[in-house]
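Notes to accompany the following structure.
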C-alpha cells in the first residue's frame, strides 16, 4: 500500500498489525572507499549540500573513511569495497545498492556519473555468488528514477518506507522500490524544493524514534504524521542542524546512533538527553572532508539484511 495523504497514512498505520519477527537493524554493512581526487560536478546540479568551492583532500577523505569502518565494526561486521576514480560519488553506495531479506536491489540513478556505479560486477557478484542473494535490478529501467535508501528511509521493525519525491526519485521509482523491498506500507511525499534525498532530512532510529527536519518537507503535515507514527519520539532539527547533517544518522544496533562529529556537535543538550532517555547512545566519526561531497555518515553505509 502506497499512501500520499498524511491523514490516510496515520489511519493505515493504526490498522497495521505487528511485524513478527521484526528485525530493526542490519546484520552487517558495507562501504565503498573514496578514490577520486575531486567531487562529482554532475551531482552538484541538484545536491545543494556539496561544497564545490572548497578544496577536496582525497587522502584525508580516505583516512576518515577508514576510521568510519573501524568505528562501525563495533556494532556489525563491516566490508569495504575499493573505489574508482571514475565514480567520485561511489563512497555513498546506499543510493545504488541496498538489501532486503536475501535480495540485492540495484537502484536507478538520475545522473550518468552515478549510473556507472551500478555496473560494478564485484559488488553484484559478492551478493549473488558469495551470499546467494537474488538480484533485483532497477538500474536498466528507463521509466523511473529510484535512488534507494537515499530517497527511501525504511523502518525495518515495521516494514514501513518513507519515500521523498525529488529529482532523485519519482513516483514510478517509489512504486518500484515498494515492491523490491517488500514493504508493507509506504508513505510517499514531496521533499522541500531544495532537498535531494530523504535521508538528509530524516532518520528512523531502529523504529523507536525519528529525527526530522521540518523544513525539508513540502507539506508541514508530513513530518508531523511521521512523528506521530513514532509515538512523538522525535528530534526536531533546525535548518542549521540539518545542514550539519544531524538528520543523516543511522542505527546499526538497537542502542546506538551513528552520526558525524559535526552533526553531533550541532545537537542541543536537550536533544541528547531525549535520545538517551529513549535508549540511544551516540557514536561519532569525523567526516568533514567526506561531507564536502554532499553526504555524511548514513550516506556512506550500505546495510546488509
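Those strands (runs of 3 or more DSSP E) of the stretch 61-108 in which at least 3 residues are under 14 Å from the mean Cα position of the chain (by Cα), considering only elements entirely within it, cover 97-100. Which numbered condition trips up residue 193, out of (1) in a loop (DSSP other than H, G, I, E, B); (2) under 24 Å from residue 93 (Cβ atoms)? Here residue 193 clears every test but (2).
In the stretch 134-151, what residues are over 21 Å from the mean Cα position of the chain (by Cα) and more than 30 Å from residue 217 (Cα to Cα)?
Within the stretch 134-151, just 134 meets the criteria.
For first residues located in the stretch 205-230 and at positive phi, partners that are in a loop (DSSP other than H, G, I, E, B) and surrounded by fewer than 22 Cβ atoms within 10 Å (Cβ to Cβ) and lie 6+ apart or on another chain with Cβ distances below 6 Å form the pairs 206/24; 206/25; 206/254; 207/24; 207/157; 207/158. Taken over the stretch 219-243, residues that are surrounded by fewer than 22 Cβ atoms within 10 Å (Cβ to Cβ), within 19 Å of the chain's Cα centre (by Cα) and not in a helix (DSSP H, G or I) amount to 3.
Restricting attention to the stretch 264-278, does a residue exist that is assigned to a strand (DSSP E or B) and over 24 Å from residue 54 (Cβ atoms)? No; the residues of the stretch 264-278 include none that is assigned to a strand (DSSP E or B) and over 24 Å from residue 54 (Cβ atoms).
We did not get these values from a lab; they are worked out from the coordinates using the rules stated. Worth saying up front: this structure is predicted, and the values here are computed from it rather than measured. No Cβ is skipped: glycine too gets one built from the backbone with ideal geometry, and neighbour counts run over all protein chains shown.
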